[in-house]
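Notes to accompany the following structure.
Bear in mind that the values in this text are calculations on the coordinates, not laboratory data. Values in this document were obtained by computation on a predicted structure and should not be read as measured data. All Cβ positions, even for glycine, are placed from backbone atoms using ideal geometry, and neighbour counts span all protein chains on display.
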Amino acid sequence: MRISIVGTGYVGLVSGACLAEKGHNVICVDVDKDKVDQINAGRCPIYEEGLESLVTRNVGTRLSATSDLAAAVQDTEITLIAVGTPFDGVAIDTGYIEAASREIGEAIRDKDTFHAVIIKSTVVPGTTDETATPILEMASGKKAGKDFGVGMNPEFLREGVAIPDFMKPDRIVYGATDERTFALLDNVYSVFEGVDIIRTSNKTAEMIKYTANSLLATLISFSNEIGNLCTGLGDIDVVDVMKGVHLDRRLSPILESGDRVVPSITTFIEAGCGFGGSCFPKDVKALIAHGQAAGQQMNLLQSVIDINRAQPMQVISLLKKHFDSLSGLKVAVMGLAFKPGTDDMRESPSIPIVRALHDEGAVISAYDPVAIEEAQKVFTGIDINYASSIEDAVQNADAVVVVTIWDEFRSLPEIIGKLTTPPLLIDGRRMIDKNAVPRYDGIGMTSRSKGP
Ligand code: UGA
């Protein structure tokens, strides 16, 4: 099929490269000429594991980029809109969706054959039908559902594993206004054999995306609230509690063979120092605002956000439990990215933690395997010794604080074990065995030691 994709950001380029890899002919459209040139030269303007090799392999054959949106619409049967929808604190900003719809509509005006326009960006329920469609109709002078089609096809890509997530999806969801658009979407996704497909309305497709992310965020805040309660009640460790909860057969089914399946959802039911990233915080806040605007109180999701906002400060409270003052205290921060496998600092719990340490006068060293360059852009004006290794960061530290669950931090007990004066380890992710280091405290437990 001939597919055009507007926006060569994260979602647009991953979708474009993967659909080309699957055999479709894809034209990526972006106003940014530099990005267009890079893609056409087989280079990748953003970092995502495995993306550049897909771009390189397909460019010049099934993948190309252009700034000429009208020509791309003429040359293809279907256009996916994958532009940004930033959250401005009150609502998502649909300005880029509106601009793209206007331009695509104008191109459809001059087109004789049926064309479908699909929103792929994350948009609150109603946006496709109530915002994009009227603009497309106005600009094209044609009727949606009759002269051209409109659909909604959310993405479920996790940063860092977006390529495998796209190539081997767990589900494909799309809505459409009419059967011709459904048929075009069926064709786009016919290359993914055996995958569960949900064909629904545009509004339901939009809601599925928000509901999926809100559920995961809720599980995290729920686990954090329980963890904080374990700390408050004393002598209960949230790690033991969650182990007992995970073994519920409805969470970890027992097969006929007697073997147990441990689904990855259980990793969201663990206490830590909070969630971040470009999706969970923004999507949950946007859904709350959208619900409230519709007269619906969103008390549970508001609590999810409130708990998450406060959660990074648990790490600071733990430090204060052990040290009378943080002023002059040498603290090594382990991990700055919002999650492992990425250098993305957006909404990372490390941001409030580092800022609080700075405000309290701590002497900060920090280590992250990949995010230091990004972190430097965030922490301007804060004096941080960016270490080049874990060893370097924890050298001479009074306390080591684990913020991101990078696998290599599992070597901390061994590294700390070699130091003459072992620092206190504050485990913001509960990833280290509490008995593996001489001095340990963490989210959701009671530590025995008091004082340095
Ligand atoms: C998230 C969703 O997982 C994707 O399904 C969705 O498509 C995407 O948002 C999106 O809306 O575009 P992402 O933000 O890349 O993906 O990151 P996740 O890996 O889900 O991590 C989000 C937060 O959850 C992180 O702060 C991470 O620390 C936390 N998390 C993640 C856990 O607590 N446990 C886990 O097992 C995974």
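Structure above, values below:
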item: Bins of 10 Å from zero: percent of alpha-carbon pairs in segment 127-197; result: 19, 41, 27, 13, 0
item: Cα long-axis angle, helix 10-21 against the chain (0 to 90 degrees, to the nearest 10); result: 60
item: Kirkwood hydrodynamic radius of segment 338-391, from inverse mean 1/r over distinct Cα pairs, in Å; result: 11.5
item: Directionally averaged shadow of segment 267-365, computed from the convex hull of its alpha-carbon atoms, nm²; result: 7.5
item: P(r), alpha carbons of segment 10-167 - 10 Å bins starting at zero, rounded %; result: 11, 39, 36, 13, 0
item: C-alpha center-to-center spacing [segment 116-136, segment 247-283] in angstrom; result: 32
item: Label point distance in nm, SER325-VAL195, each placed 7 Å from Cα along Cα→Cβ; result: 5.8
item: Fully extended contour minus Cα-Cα distance, from ASP306 to LYS142, at 0.36 nm per residue; result: 54.5 nm
item: Value at 222 nm in deg cm²/dmol, rounded to 500, when DSSP H runs of n ≥ 4 in the chain each add -39,500 (n - 2.57); result: -12000 deg cm²/dmol
item: Values of log10 I(q)/I(0), in the order q = 0.14, 0.15, 0.24 Å⁻¹, for segment 209-322 under a Debye, Cα-only, solvent-free model; result: -0.67, -0.75, -1.28
item: Descending Cα extents along the principal axes, segment 184-246, whole Å; result: 59, 25, 12
item: Magnitude of the charge dipole, the chain, Cβ model with Lys/Arg +1 and Asp/Glu -1, debye to 20; result: 640
item: Between segment 1-53 and segment 338-364, the Cα center-to-center distance that results, in Å; result: 32
item: Cα centroid separation, segment 299-316 to segment 198-231 (Å); result: 14
item: Exposure proxy ranking, count of Cβ atoms within 10 Å, fewest first, for SER388, SER223, SER278; result: SER388, SER278, SER223
item: Residues THR76, THR131, sorted so that the one with the fewest Cβ neighbours within 10 Å comes first; result: THR131, THR76
item: Antiparallel content of DSSP bridges confined to the chain, in %, to 5; result: 10
item: Nearest-ten-degree value, helix 299-310 long axis tilted from longest Cα axis of the chain; result: 50
item: For the chain, projected area of the alpha-carbon convex hull averaged over all directions, nm²; result: 23.8
item: LEU247-GLN395 FRET efficiency (beta carbon distance; Förster radius 56 Å; 0.05 resolution); result: 0.90
item: Neighbour cut-off at most 12 other Cβ (10 Å), DSSP loop, trypsin sites (Lys or Arg not before Pro), segment 83-145; result: LYS143
item: Per-residue Cβ neighbour rank within 10 angstrom, fewest leading, PHE182, PHE148, PHE323, PHE275; result: PHE182, PHE323, PHE275, PHE148
item: Rounded to whole Å, sorted largest first: equivalent-ellipsoid semi-axes of segment 37-99, Cα gyration tensor; result: 26, 18, 9
